[in-house]
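Chemist: What follows is a single structure, and I will ask about it in a moment.
The values are calculated or read from the model by the stated rules, or taken from the named source; none is laboratory data. Note that this is a predicted model, so its numbers are computed, not measured. Here the Cβ positions follow ideal geometry from the backbone for every residue, glycine too, while neighbour counts run over all protein chains shown. Ligands, DNA and RNA are stripped out before the accessible areas are found, and what is left, the full protein with its side chains, is counted by its heavy atoms. Shrake-Rupley method; radii C 1.70, N 1.55, O 1.52, S 1.80 Å.
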Amino acid sequence: MSTSVPNLHTIVSLPDQSTAKLPKRHYINNEHGLLSWLLTGDHKRIAILYLISITFFFFIGGAFAGLIRLELLTPQSDLVAADTYNKFFTMHGIIMIFLFLVPSVPATLGNFLIPIMLGAKDLAFPKINLLSWYLYLAGGTLTLAALVLGGVDTGWTFTTPLSTHYLNTHVITAATAIFIAGFSSIFTGLNFIVTIHRMRAPGMTWFRMPLFVWSNYAASILMVLGTPVLAIAIVLVALERLVGIGVFDPAKGGDPLLFQHLFWFYSHPAVYIMILPGMGVISEVISTFSRKRVFGYTAVAFSSVAIALFGFFVWAHHMFIMGVSNYSALVFSLLTMLVAVPSAIKIFNWAFTLQKGSITFETPMLYAFGFMGLFTIGGLTGVFLGSLGMDIHLTETYFIVAHFHFVMVGGMLMAFLAGIHFWWPKMTGRMYPESLSKLAAVVTFIGFNLTFLPQFILGYLGMPRRYAAYPPEFQVLNVLSTAGATVLGVGYMLPLLYLGWSLKYGAIAGDNPWQATGLEWQIQSPPLTENFLEVPIVDYEAYDYEWLEKKQREQVTTVG
Amino acid sequence: MHPHTHETVDHAEHEHVVLPQHRHHFETEEQQREAGSFGMWLFLLTEIMFFGGMFFAYLLYRNWYYPAFTVASNQLNVPEGAINTVILITSGFFMALGVWAAEVRKKGLLVIMLILTTVFGLAFLGVKADEYHEKYELHHIPGASFSTAMFTNPAAFGLKEEPLAPDMAQHTEIFFFLYFAMTGMHALHMIIGIVILFWLTWRAHRGEFSSGYVAPIENFGLYWHFVDIVWLFLFPLLYLINRHPLS
Amino acid sequence: MGISPVLWQFLVKWLHASALFPAEASTISPYTDALYFFLLAMTLVGLLLVGVLVFGFSIRYRREKNPVATQVEGSTLLEATWTIIPLAIFLVTFVWGALLYFRIYDPPANAMNIYVVGKQWMWKAEHPGGQHEINALHVPAGRPVQLTMISQDVFHSFSIPDFRVKREVIPGRYTTIWFQATTPGTYHIFCTQYCGTQHSGMIGEVTVLSPDDYQKWTQQSTSGMSLAQNGERLFASMGCNACHSGNAAARGPNLAGVYGSKLTLTNGSQVLVNDAYLRDAILNPSQHITAGYAPIMPTYQGQISEDGLIDLVEYIKNMQSNFRVQQTLMTSESNQAAPTTPTEGTTSETVKP
Amino acid sequence: MAHETYHDPSNVTNPEHADHHIVSPLQYCMVFGTLLLGTAITVLAAYKDMGWLNPVIALGIASFKAVVVILFFMHVKYQSKLIKMTVAAGFFTFIVLITMTLSDYMSRAWGMW
Ligand code: HEA
Ligand code: HEA
Ligand code: CUA
Ligand SMILES: [Cu+2]
């Protein structure tokens, strides 16, 4: 590899974008009018529709987070009454999980990229893809309806018998919303699996697929097999509320824990639905900006599948003190420890991808570094919770809140932002402003730590979660946390503004601004509606920078 | 490595004839067909897990409240349940023949088979409705009007069953809840299936499936058979618990 | 200092009131904290490792330093290393956590028992001596205390962070925790399972007293009737003694000495009679019929509150001979007549003086 | 070359692709008969007291019928490995749900089992 070819420089440094031009025809200007978007079958357009809608819901969820933090500024529940606060965190949780994080990377980046990365013209079922977006919208609208009609205060976990017999808020509306949104997610996963199995271009073998595809594949399996169990659990809750008897009511001989089993059978795998696609983004970003094949490609690919598989065996770690048998507690605790290992493998493989690389620090890379640090903290604190005796003290406190925000916000949201920045030039044809976005990455990192690090301490001190009011001695840490949330909020507003700005004023990106190897970078940006003019024939391995270099050299010689 | 001859031939064949149903983003007809059936199977996976949750609830409470489940189950109408099983199997049989008819491109036969499938599906729903009605009259529908009188005092209803203690009798409500939830969800699937059947029959009638394009029929067949399978389990589980205390 | 005095005062007050680490006020606390520090160390080491690798490589291999990347496929040896080492650490965590779990949840045999009933949104503690407390709990230092807990409506969770104990309070079944407080003082009780509107108001204080003070407190705050005595009245007013009179001719079995014994049921299985079994025998009698008896006992589901059940259980527990039952029969005659259709929740209230 | 290995080189030995097989009506009739027979046996067996065997037999026959339907009516017997694995994955996950949850219920201190 080490050679003295002078042209090598073209590969290492990013191309000169001043000469790049937007292509005349691409998927955005292919057709015009609102209907051409609302009835589109183009996976790229659907991805954009998703991007707009999940951003909308993220900021609604974020506004609730802001209100939560505002209320927690003082020990008393003085900003809002306790039941209003309960509605806040319920809506925050439901919106953030079901309407933002679950569809975040798969439905936007995955939708946009998976067919292109495989060399296909579209997903296997474009109409179902569109249907999935409409289902998402229906679910989202119902959630908003529940909100407008007076809100829900079950918590996102819908614990029975509280949710079935003791509340008179709009539980059924919210349940229906989640049911529908669940089907949206099922259809996305189904589409991905079929596409990955059936639509790969000639030469695109399983082990030539980008790791992004692998991790979305693993997440899709979880979506298809897990989500229906949530659906039936939710249906039973709704039925029990309607008919009033039942299966979850201990007074009538039902077992409230049954609901927990069904709910977490989905909701634990769901946390991997959320994190796996993000891990895929990190693989792409780290590889590209260190110009090096991901260290141990197969290990990273298989660890995704391992996470998906083991993910189905650990759900009862959410119920350790809720009445499962000691035997179950032991088994599930042990399995929890096993499921943590593949994540560790990934982190170290990424770290070693950097070794001997030629590293640059564009915004996506900064976010990816943020991911690695914060996910390590979040994941390892998950191990605290998986450890039985420790969980007794930590469960249902702010320690958990901190744990899952570290993995979901520090991990997944960072990965999402990394991905959005990374593929923004491909999706829109224009660059985002580099220095402003670096600033945003740093601001979010600082804001994030300020918000959620104090919560670990609060948790160990014993502050329970879902508390509208708390003893005054916890105030200092809560004030810190609220301050951090403000910084964080600003950090999230920034990308919204400058990415919007870049749509019109950003520099023209050109086909391959990062000099990355994925198939998506070998076509124009923004891509054509049919992605490829002719079926690509893949004759190189994933992350083959030498291949890219050779190709580039040939182009230089033929053009120049 | 042997080249995969069949596929190459296939490929070449389809490059020339572009059928109307061929979607632009598939390379070949074959690819489209296999993607379709694979997608259908994945959808059926979700259905397995969906019903799976209820089957688990059933399993749990049947073991907890076995006496209640026994007497409640014995109130279900076995002849009607058994006849319904036969009806559904027959419907599935005609569906299978329908797929065959489409495969061998017999348009008339296909339409007839689809109609027969529909008729038997509707018959199933009719019998089911009758059963539901019976439960309504006996106050066995969970909710406010549910009554355990029949189980605490069977003699008054002319039954030879052992009376249940009131606390156990209460748990019959759980049985009936599960009965209605499971058979109701099953019936809902049937209703959706029948709506699709109407549509498919109409399309078959227009000759859409007489050219060798059988994917919709095939995939719908998978769905219909899956619904059958669910019933094959529901019938013994719900109707036939301990059906022999009388002798 | 340029800070305004008001602000300064605030800061001092705040920092004074805030701790970064909870008090260690029970014998369990040091054990929990030890595991916690181990896990913290694990996290710091892991984070440091990842940090050193990421920053180290970033500095060493940044483009200015290393313009050309060297492609490496991977290394099975390295990958095995970072599979096995974390796995080993996690397994240690598992074993340690499991040991701690059983230490926290296995009560010693000599623990004194206090009943706790959770309901939206308060904690009711009932001492065997008849002391009732709401959102408060008085316990002696240096003695193992076991709480037998049950919820009257939804899931709650009883948590005393300074003792590092917590357990779900479940509707329909008894759960227990135990602790041995070390230092007199007052500590928070939280309900940590979300239970509806006033979840954050479902808090209280546990007061740890020295043994002497505890003695004094018990005497001062007794309401006259012990739980067993309340139970005895209930036993009469609910008509239990009609069948469980202890006479040879009685329709129901003699309950004297039944607690802690092993019963043979009609289906041949053997059960140990504990609190949970007694409670269930009253609510779902037909589910476990004692061998030799007809399933005639009516269910009291919905007729007795959880407090009432606790009274009954406590009474039956303490019933060592028939003498008490006989006496009950007489008291019940001399007392007011038993209500015919007792309604939920009010029963125990009306019967209690 | 690329055209020959359309999907994936491993497809040659382990095709995700199977030939389209047409099941004959005769076979369908046989399956139909089996299913009817199974139903009859199920009902008859239910009225014979065989203790714990009753539910086992009922479920056994139901499973057998389900397998027959899956293999023939649903053509899985003639499908690619991929489809077979997909079906298996569904039942596997279902079994995970059932067994892991049941093991909790069966090992609970308060019995009820
Ligand atoms: C994206 C979401 C996400 C992810 C990925 C995870 C990942 C993990 N989670 Fe988390 N979790 C949640 C979201 C998530 N979680 C949520 C939302 C809740 C709360 C739900 C609610 O109640 O509302 C929760 C709750 C929760 C609980 C329940 C607590 C309770 O209710 O009492 C538990 C318990 O075991 C747990 C454990 C874990 C573990 C072991 C992992 C593991 O997968 C983590 C693996 C990762 C690592 C281990 C880091 C990488 C490792 C290294 C870099 C090696 C370090 C080096 C050395 C050891 C030397 N989580
Ligand atoms: C994807 C998932 C996700 C994301 C991204 C977030 C993001 C945030 N969350 Fe959330 N959170 C959950 C998932 C998530 N959360 C879940 C599942 C729960 C549990 C719910 C339950 O218990 O049922 C929870 C609970 C939860 C709690 C605990 C509530 C309680 O138990 O009482 C808190 C408290 O601090 C909190 C804070 C925050 C903050 C500060 C952010 C920040 O990262 C958000 C920052 C973003 C913004 C601030 C928006 C951008 C700015 C604007 C729109 C301008 C307006 C701004 C203001 C009004 C300030 N969250
Ligand atoms: Cu009780 Cu929260
Ligand atoms: Cu989990």
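Chemist: Looking at A:SER387 and the list (1) surrounded by 24 or more Cβ atoms within 10 Å (Cβ to Cβ); (2) within 16 Å of ligand 2 (Cβ to nearest atom), which single condition is not satisfied?
Modeler: Against the list (1) surrounded by 24 or more Cβ atoms within 10 Å (Cβ to Cβ); (2) within 16 Å of ligand 2 (Cβ to nearest atom), A:SER387 comes up short only on (2).
Chemist: Are there any pairs with C-beta distances below 6 angstrom linking a residue in the stretch A:295-316 that is open to solvent by 10 Å² or more (accessible area, probe 1.4 Å) to a residue that is more than 13 Å from ligand 1 (Cβ to nearest atom) and not charged (D, E, K, R), with the two at least 6 apart or on different chains, and if so which?
Modeler: Close Cβ pairs (under 6 Å, with a partner that is more than 13 Å from ligand 1 (Cβ to nearest atom) and not charged (D, E, K, R)) amount to A:PHE312/D:VAL96.
Chemist: List, please: which pairs have Cβ atoms under 7 Å, are six or more places apart or on different chains, and start with a residue in the stretch B:156-175 that is in contact (Cβ under 8 Å) with a residue 60 or more places away in the chain and in a loop (DSSP other than H, G, I, E, B) and end with one that is open to solvent by less than 20 Å² (accessible area, probe 1.4 Å) and among the aromatic types (Phe, Trp, Tyr)?
Modeler: B:LEU164/B:PHE151; B:HIS171/B:TYR65
Chemist: Look through the stretch A:273-294, keep the residues that are of a type in the set (A, V, I, L, M, F, W, C) and more than 14 Å from chain C (Cβ to nearest Cβ), and return whichever of them is surrounded by the fewest Cβ atoms within 10 Å (Cβ to Cβ).
Modeler: Per the criteria, the residue is A:ILE275.
Chemist: Can you find a residue in the stretch A:324-342 that is in contact (Cβ under 8 Å) with a residue 60 or more places away in the chain, near ligand 1 (Cβ under 10 Å from one of its atoms) and among the hydrophobic types (A, V, I, L, M, F, W, C)?
Modeler: no
Chemist: A further question follows. Just the residues that are away from ligand 1 (no atom under 15 Å from the Cβ), of a type in the set (D, E, K, R) and not in a helix (DSSP H, G or I), please, taken from the stretch A:395-446.
Modeler: A:ARG430
Chemist: Can you confirm whether A:THR154 is open to solvent by 10 Å² or more (accessible area, probe 1.4 Å), polar (S, T, N, Q) and away from chain B (no Cβ under 14 Å)?
Modeler: Considered against the rule, which asks whether it is open to solvent by 10 Å² or more (accessible area, probe 1.4 Å), polar (S, T, N, Q) and away from chain B (no Cβ under 14 Å), A:THR154 comes out as no.
Chemist: Then there's this: Residue check: is A:LYS121 among the charged types (D, E, K, R) and in contact with a strand residue (DSSP E or B) (Cβ under 6 Å, 6 or more places away or on another chain)?
Modeler: Considered against the rule, which asks whether it is among the charged types (D, E, K, R) and in contact with a strand residue (DSSP E or B) (Cβ under 6 Å, 6 or more places away or on another chain), A:LYS121 comes out as yes.
Chemist: Which pairs have Cβ atoms under 8 Å, sit 6 or more apart or on different chains, and link a residue in the stretch A:484-497 that is within 14 Å of chain C (Cβ to nearest Cβ) to one that is within 8 Å of ligand 2 (Cβ to nearest atom) and open to solvent by less than 80 Å² (accessible area, probe 1.4 Å)?
Modeler: Between residues of the stretch A:484-497 that are within 14 Å of chain C (Cβ to nearest Cβ) and residues that are within 8 Å of ligand 2 (Cβ to nearest atom) and open to solvent by less than 80 Å² (accessible area, probe 1.4 Å), there is no close pair.
Chemist: Among the candidates A:LEU123, A:LEU135, A:LEU130, A:LEU118, single out the residue that is in contact with a Lys or Arg (Cβ under 7 Å, 6 or more places away or on another chain) and within 14 Å of chain B (Cβ to nearest Cβ).
Modeler: Just one listed residue meets the conditions, A:LEU118.
Chemist: For the stretch A:230-249, enumerate the residues that are open to solvent by less than 10 Å² (accessible area, probe 1.4 Å) and assigned to a helix (DSSP H, G or I).
Modeler: Correct list: A:LEU230, A:ALA231, A:ILE232, A:ALA233, A:ILE234, A:LEU236, A:VAL237, A:GLU240.
Chemist: Quick one: in the stretch C:102-122, of everything that is open to solvent by less than 10 Å² (accessible area, probe 1.4 Å) and within 14 Å of chain A (Cβ to nearest Cβ), which residue is farthest from ligand 2 (Cβ to nearest atom)?
Modeler: Among those that are open to solvent by less than 10 Å² (accessible area, probe 1.4 Å) and within 14 Å of chain A (Cβ to nearest Cβ), it is C:ILE104.
Chemist: While we're looking at this one, here's another question. Pick from A:LEU242, A:LEU276: which is in contact (Cβ under 8 Å) with a residue 12 or more places away in the chain and more than 14 Å from ligand 1 (Cβ to nearest atom)?
Modeler: Exactly one residue qualifies, and that residue is A:LEU242.
Okay, residues lined up against (1) within 14 Å of chain B (Cβ to nearest Cβ); (2) within 16 Å of ligand 1 (Cβ to nearest atom); (3) of a type in the set (Gly, Ala, Ser):
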site	(1), (2), (3)
C:TYR187	no, no, no
C:MET202	no, no, no
C:GLU205	no, no, no
C:PRO211	no, no, no
C:ASN247	no, no, no
C:GLY260	no, no, yes
C:LEU263	no, no, no
C:GLN287	yes, no, no
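Chemist: Taking C:THR43 as the residue in question, decide whether it is of a type in the set (Val, Ile, Thr) and open to solvent by 20 Å² or more (accessible area, probe 1.4 Å).
Modeler: no
Chemist: Counting only residues that are more than 16 Å from the chain's Cα centre (by Cα), give me the strands (runs of 3 or more DSSP E) lying completely in the stretch C:86-143 with at least 1 of them.
Modeler: Of the strands (runs of 3 or more DSSP E) lying wholly inside the stretch C:86-143, those with at least 1 residues that are more than 16 Å from the chain's Cα centre (by Cα) span C:132-134, C:136-140.
Chemist: Quick one: in the stretch A:345-394, which of the residues that are closer than 22 Å to C:ALA88 by Cα and charged (D, E, K, R) is farthest from ligand 1 (Cβ to nearest atom)?
Modeler: The extreme case among them is A:LYS346.
Chemist: Taking the residues in the stretch A:431-466 that are touching a strand residue (DSSP E or B) at 6+ places or on another chain (Cβ under 7 Å) and crowded, with 24+ Cβ neighbours inside 10 Å as candidates, determine which candidate is farthest from A:LEU528 (Cα to Cα).
Modeler: Result: A:GLY462.
Chemist: When residues of the stretch A:39-84 are filtered for being open to solvent by less than 50 Å² (accessible area, probe 1.4 Å) and either among the aliphatic types (A, V, I, L, M) or within 16 Å of ligand 1 (Cβ to nearest atom) (or both), how many remain?
Modeler: Within the stretch A:39-84, residues that are open to solvent by less than 50 Å² (accessible area, probe 1.4 Å) and either among the aliphatic types (A, V, I, L, M) or within 16 Å of ligand 1 (Cβ to nearest atom) (or both) number 15.
Chemist: Could you check A:ILE377 against (1) within 9 Å of chain C (Cβ to nearest Cβ); (2) surrounded by fewer than 24 Cβ atoms within 10 Å (Cβ to Cβ); (3) farther than 15 Å from A:PHE289 by Cα and say which number it fails?
Modeler: That leaves (2) as the condition not met.
Chemist: Another question about this same structure. Of all the residues that make up the stretch C:155-170, how many are outside any helix (DSSP H, G or I), open to solvent by less than 10 Å² (accessible area, probe 1.4 Å) and in contact with a helix residue (DSSP H, G or I) (Cβ under 8 Å, 6 or more places away or on another chain)?
Modeler: 5
Residue-wise test of (1) under 25 Å from C:SER151 (Cβ atoms); (2) within 15 Å of ligand 2 (Cβ to nearest atom); (3) within 8 Å of another protein chain (Cβ to nearest Cβ); (4) acidic (Asp, Glu).
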| position | (1), (2), (3), (4) |
| --- | --- |
| A:THR227 | no, no, yes, no |
| A:ALA238 | yes, no, no, no |
| A:VAL243 | yes, no, yes, no |
| A:PHE248 | yes, no, no, no |
| A:ASP255 | yes, no, yes, yes |
| A:PHE263 | yes, yes, no, no |
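Chemist: Here's a follow-up. Checking B:GLY36 against (1) over 19 Å from the mean Cα position of the chain (by Cα); (2) more than 10 Å from chain A (Cβ to nearest Cβ); (3) in contact (Cβ under 8 Å) with a residue 24 or more places away in the chain; (4) surrounded by fewer than 22 Cβ atoms within 10 Å (Cβ to Cβ): exactly one of these is not met. Which one?
Modeler: Evaluating B:GLY36 over (1) over 19 Å from the mean Cα position of the chain (by Cα); (2) more than 10 Å from chain A (Cβ to nearest Cβ); (3) in contact (Cβ under 8 Å) with a residue 24 or more places away in the chain; (4) surrounded by fewer than 22 Cβ atoms within 10 Å (Cβ to Cβ) leaves (2) as the failure.
Chemist: Can you name the number of the only condition in (1) at pLDDT 80 or above; (2) over 19 Å from C:LEU272 (Cβ atoms) that C:THR343 fails?
Modeler: C:THR343 satisfies every listed condition except (1).
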